[in-house]
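All of the numbers you see were taken from the coordinates with simple rules; none came from a lab. Computed from a prediction, not measured in an experiment: that's the story for all the values here. We place every Cβ from the backbone using ideal geometry, glycine too, and count neighbours over all the protein chains shown.
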Amino acid sequence: MALLCALPRAGVAELVDAADSKSAGGNTLGVQVPLPVPLNWDPMLPPMKYCSSCGETLNREIPGDDNRERWVCNHCDTIHYQNPIIVVGCVAEKDGKILLCKRAIEPRHGFWTVPAGFMELGESLAEGAARETLEEACADIEIGHLFASVDVISAGQVHLFFTGTLAGAYGVGEESLETRLFSEDEIPWDDLAFPSGRFALQKFFEDQGRNNGVHTFEWRK
Ligand SMILES: [Zn+2]
């Protein structure tokens, strides 16, 4: 367990003497480590009540050699870690226009979005972005480069966006009500589903086809 890389950014750290507080942030090296104030359960995280390994009731506690509260099963000693989820998407272009989907599902039913969704196990970021575009817009795309990263802190997600080129036709996937190509001045900015997609579209147009690296944004509700 990497102690230092997962600490909260500010306001919750204090130094403790590791030798006196093994169960509260200490380690066996005898060094001081920043200790975050134990987190009360964050309502944005999915609650966990029972152990998925043995079915017993879980407890909220700080495991030994860790520094924050986790869902812990004291019956089979499984620690159920919860970490941010990756969402991948693609700003796909054809003849200077961008492919958007009108959402047929909640949240934000009826609002427009770039094709994006949860990354699956066994695929790369780029493969996930291409798959989501195929699923939501029935479109085969050639993935370009990663250009936008949005930390959606309160939702426990990271949204990553690629450029892409629409190779052929497109259609309406099961999660979409409608799909269509928009020029920059046609983008329905007031009817976009999520700030992360808005950020990606803004940076896409600012880049004007150049690879200017990855633009970053922290979305805190
Ligand atoms: Zn268990």
(message) Given axes a ≥ b ≥ c from the Cα gyration tensor, I'd like to know whether the range 81-221 is rounded (a/c under 1.5), prolate (a/b larger than b/c) or oblate.
(response) rounded
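Between T165 and E120, what length comes free when the chain is fully extended (0.36 nm per residue of separation minus the Cα-Cα distance, one decimal in nm)?
Details: separation 45, 0.36 × 45 = 16.20 nm, distance 2.19 nm.
Length gained between T165 and E120: 14.0 nm.
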(request) Residues in the range 156-170, backbone N under 11 Å from the label point at R220 (7 Å along the Cα-to-beta-carbon vector): list them, ranges by number please. (result) none
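For the range 85-219, with only Lys/Arg (+1) and Asp/Glu (-1) charged at the beta-carbon, what is the dipole magnitude about the Cα centre, in debye rounded to 20? Kindly include the intermediate steps, with their values, before the conclusion.
Numbers: 10 positive and 23 negative charges, 32 e Å.
Dipole of the range 85-219, to the nearest 20 debye: 160 debye.
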(message) Tell me whether the range 98-144 comes out rounded, prolate or oblate; compute the Cα gyration tensor, take square roots of the eigenvalues as a ≥ b ≥ c, and use a/c under 1.5 as the rounded threshold.
(response) oblate
(message) Quick one: 3J(HN,Hα) in Hz for the range 53-68, Karplus 6.51/-1.76/1.60 with θ = phi - 60°, rounded, Gly and Pro as x.
(response) 8, 10, x, 6, 6, 8, 10, 9, 7, 8, x, x, 6, 10, 9, 8
(message) At a 10 Å Cβ-Cβ cut-off, how would you order E127, E106, E93, fewest neighbours first?
(response) E106, E127, E93
